[in-house]
Amino acid sequence: MNENDDPEAKTVAAADGAVADGAAADGAAAGGAAVADGAVGPAADDALVAPAPGPARRLFWSALGVALGLLVVDQGTKWWAVDALADSESIPVFGDFIRFWLVYNPGAAFSMGTGVTWIFTVFAGIAVVAIAWYAWRVRSTPWSYALGLLLGGATSHFGDRLFREPAFGRGHVVDFIDYSGFFVGNVADIGIFAGAVSIVVLSFRGIEATQAPVPAEAGSDAGETGSDGESRD
């Protein structure tokens with residue numbers, strides 16, 4: 001007798017097939033739960049780490065906002081200095097430590113390179129473009145603020161070089177904050193110094209400029225689960 005004609009054999013085979021289908025369905029459900037819980041491989045990790053375009057662009061606009069604020073304050077205080085200090089030798093602010101004294105600087109810091117002002121104009125323009133390009137790529141909020149300070153100070157100095165006397169592209173930077181006769185600067189210099197110090201601190205702390213931080217939830221989930229998939233809590 002052919003076993004294909006045996007009703008009992010057909011019944012057993014059908015039951016085995018149903019059990020196999022049920023096991024496959026359970027496996028698919030378990031896989032779906034794993035995906036929902038975030039227990040997936042490199043693709044999900046990339047999705048967690050890769051920065052979204054929206055937040056990245058907001059960081060760039062934050063840097064521009066800081067730069068614009070510093071630019072406005074610096075130029076405003078320079079206009080005040082030109083108007084208020086033109087007929088005064090100096091105005092004490094904190095005794096002899098800090099005084100207001102109007103100086104037109106054709107060169108770099110400490111009045112170096114006074115005969116080649118146009119070179120500093122070129123360098124200032126390059127610095128503005130380079131900082132803006134890097135700020136476009138930044139993925140860290142502290143870095144965006146630090147770069148904003150650098151960008152604002154560099155842009156303000158570049159504007160002085162372009163538009164102030166004695167000629168276009170050879171303008172003199174307005175300095176009016178005298179630090180005990182050692183250095184005469186302006187608000188833009190303070191912003192540039194603060195931005196540079198911030199970058200040094202961020203670098204020592206290991207905070208990356210162009211790498212998005214991993215969400216805290218992902219890091220905590222990874223720490224709570226061992227290599228065997230069991231919770232360590």
*Just reorder Ile190, Ile119 by solvent-accessible area, largest first, 1.4 Å probe, all chains present.*
Ile190, Ile119
*Per residue, how big is the convex hull around the C-alpha atoms of the stretch 145-205? Give it to me in cubic angstrom, could you?*
87
*Once you have the Cα-Cα distance between Ile190 and Val93, take 0.36 nm times their residue separation minus that, and quote the gain in nm to one decimal.*
33.3 nm
_For q values of 0.13 Å⁻¹, compute log₁₀ I(q)/I(0) with the Debye formula on a Cα-only model of the stretch 79-184, without solvent._
-0.58
*Cβ-Cβ FRET estimate between Ala86 and Val200, R0 fixed at 41 Å, reported to 0.05*: 0.65
*Across the stretch 186-192, in residue order, what do the Karplus-derived ³J(HN,Hα) couplings come to in whole Hz, using 6.51 cos²θ - 1.76 cosθ + 1.60 with θ = phi - 60° and x for Gly and Pro?*
8, 5, 4, 4, 5, x, 5
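The values are calculated or read from the model by the stated rules, or taken from the named source; none is laboratory data. Model, not experiment: these values are computed from the prediction. Don't worry about glycine lacking a Cβ; one is built from the backbone with ideal geometry, like all the others, and counts go over all protein chains shown. Calculation scope for accessible area: heavy atoms of the full protein, side chains included, ligands and nucleic acids excluded. Shrake-Rupley method; radii C 1.70, N 1.55, O 1.52, S 1.80 Å.
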